[in-house]
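Accompanying notes for the structure given below.
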Amino acid sequence: SEFDARVMVQSLRTGGYDIHSRRVETADAMLDALREGPWDIVLADYNMPNFNAPQALRLLQGEGLDIPFIIVSGGIGEDVAVAAMKAGAHDYVMKGNPARLLPAVARELREALVRRERRESEMRYRTLWETSPDAVLLCDETGVIRFANPAAQQVFGWPAAQFSDLPLSTLEPAGGGGLGQALA
């Protein structure tokens, strides 16, 4: 409801957040809002006349956005809340307990930041891994090759996928029982 939305926005402002919000009541309106974003968090009422939190969660997931999704509702059972969390909702807050809203929002925003930083770090690592002109092999503690970057093919003449599960000793120079003999 418009009243509930105002209460949540006011709670967040009181908690120190600079709020830009948009209240939606239909799937189409939510899709429009998501595409106009960016948004930091979604607070969803579980039951509305034409739209509900599970539908909103599926729309958010369908857009491929990693935005914290918190259900704020007045009266759903624990089993429904658990099902929503298993489906991907990040938290559930009762309307009658607004004091829990601020800590839930703060935690979910922190966790979203950690996920975003992890994705960025993984992307930097992947770019370094895939674009390095040098062969890079990742071995486990027993000396077995687990991954090889694309440059390994240029250096050793094997497709990178063929390095997986080979002992590193396979790459010793010819005459030492290594790559030279393995390719012969």
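The values are calculated or read from the model by the stated rules, or taken from the named source; none is laboratory data. From a predicted model like this one, the values you see are computed outputs, not experimental measurements. Quick reminder, even Gly has a Cβ in these numbers, built from the backbone with ideal geometry, and neighbours come from all protein chains shown. To get the accessible areas, we keep the full protein, side chains included, count just its heavy atoms, and leave off ligands, DNA and RNA. Shrake-Rupley method; radii C 1.70, N 1.55, O 1.52, S 1.80 Å.
Summing -39500 (n - 2.57) over the DSSP H runs of n ≥ 4 in the chain and dividing by its residue number, what mean residue ellipticity at 222 nm do you reach, to the nearest 500 deg cm²/dmol?
Mean residue ellipticity, 222 nm, calculated: -14500 deg cm²/dmol.
Probe radius 1.4 Å, ligands and nucleic acids left out: which of L31, L168 has the largest accessible area, and how do the rest follow? Don't jump to the answer; show the numbers that get you there.
On the way: L31 35, L168 80 Å².
In descending accessible area the options line up as L168, L31.
Send over a whole-number figure in Å² for the accessible area per residue of the stretch 54-184, probe 1.4 Å.
Value returned for the stretch 54-184: 60 Å² of accessible area per residue.
Label-point separation (nm) for S164 and Q10, each offset 7 Å from Cα along Cα-to-Cβ?
5.8
Residues with amide H under 5 Å of V144's amide H, sequence separation 5 or more or different chain, H placed in the peptide plane at 1.01 Å from N; which?
For V144, the qualifying residues are L168.
Could you look at the chain and say what percent of its accessible area is carbon and sulfur, using a 1.4 Å probe and all protein chains?
Carbon plus sulfur share of accessible area: 54 percent.
Across 10 Å bins from 0, what is the distribution of all Cα-Cα pair distances for the stretch 35-87, in whole percents?
23, 57, 19, 1
Picking from V114, V136, V24, which is most flexible by a Gaussian network model of the chain using Cα springs under 10 Å?
V136
Per 0.36 nm of contour for each residue apart, how much would the distance between D40 and S1 grow if the chain were fully extended, relative to their Cα-Cα spacing?
Result for the pair: 12.0 nm of gain on full extension.
Relative to the present Cα-Cα distance, how much length would full extension add between V82 and S21 at 0.36 nm per residue of separation?
Taking V82 through S21 to full extension adds about 19.3 nm, to one decimal.
With each label point set 7 Å from Cα along the Cα-Cβ vector, what nm distance links K95 and A29?
1.5
Using unit Cβ charges (K, R positive; D, E negative) and no other charged atoms, how large, in debye to the nearest 20, is the dipole of the chain about its Cα centre?
Charge dipole, the chain, about its Cα centre: 340 debye, nearest 20.
Measure off 7 Å from each Cα along the Cα-to-Cβ vector at R110 and S132, then give the distance between these two points in nanometres to one decimal.
3.4
With springs only between Cα atoms under 10 Å apart, run a GNM on the chain and tell me which of L137, L60, L12 wobbles the most.
Greatest mean-square fluctuation among the candidates belongs to L137.
What do you get for Rg/Rh of the chain when both radii come from the Cα atoms and Rh is the Kirkwood radius?
1.25
Which of F156, F69, F51 ends up with the largest GNM mean-square fluctuation for the chain, with Cα atoms connected below 10 Å?
F156
Using a 1.4 Å probe and counting only protein heavy atoms, arrange I71, I76 so the residue with the most accessible area comes first.
I76, I71
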